[in-house]
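What follows is a set of notes on a single structure, which appears directly below.
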Amino acid sequence: MPRIEPMQHKEVTDRQLEALLERIDRLTDEVARINRRLEASEGLVLVARELSQLNESMQALAYAALGNRGPNVRRRAG
């Protein structure tokens, strides 16, 4: 495993420090936006799963309502 060498102590000017802090603030905001999108996406996955289960249940009910006769499908004359 590569070893990280310690950095030399370097003076940071107030201007450089302010620029670093602004960049950190922007990165923090971006991470917060990504987290919100991820949470929304996870919610959509749950909704999609529920809709899929609902669709399967509706299909089962439809076939049960048809009983032994099967579907009555009419074909178009073409």
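Coordinate-derived values only; no laboratory data. Owing to the predicted nature of the structure, the values given are computational and were not obtained by experimental measurement. Note that each Cβ is placed from the backbone with ideal geometry, even for glycine, and that neighbours are counted across all protein chains shown.
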How big is the charge dipole of segment 1-70 about its Cα centre, in debye rounded to the nearest 20, if each Lys and Arg gets +1 on its Cβ and each Asp and Glu gets -1 on its Cβ?
360
Quick one: if you stick a label point 7 Å off each Cα along the C-beta vector at Ala60 and Leu21, how many nm between them?
6.0
Multiplying the sequence separation of Thr13 and Arg37 by 0.36 nm and subtracting their Cα-Cα distance, what value in nm do you get?
5.0 nm
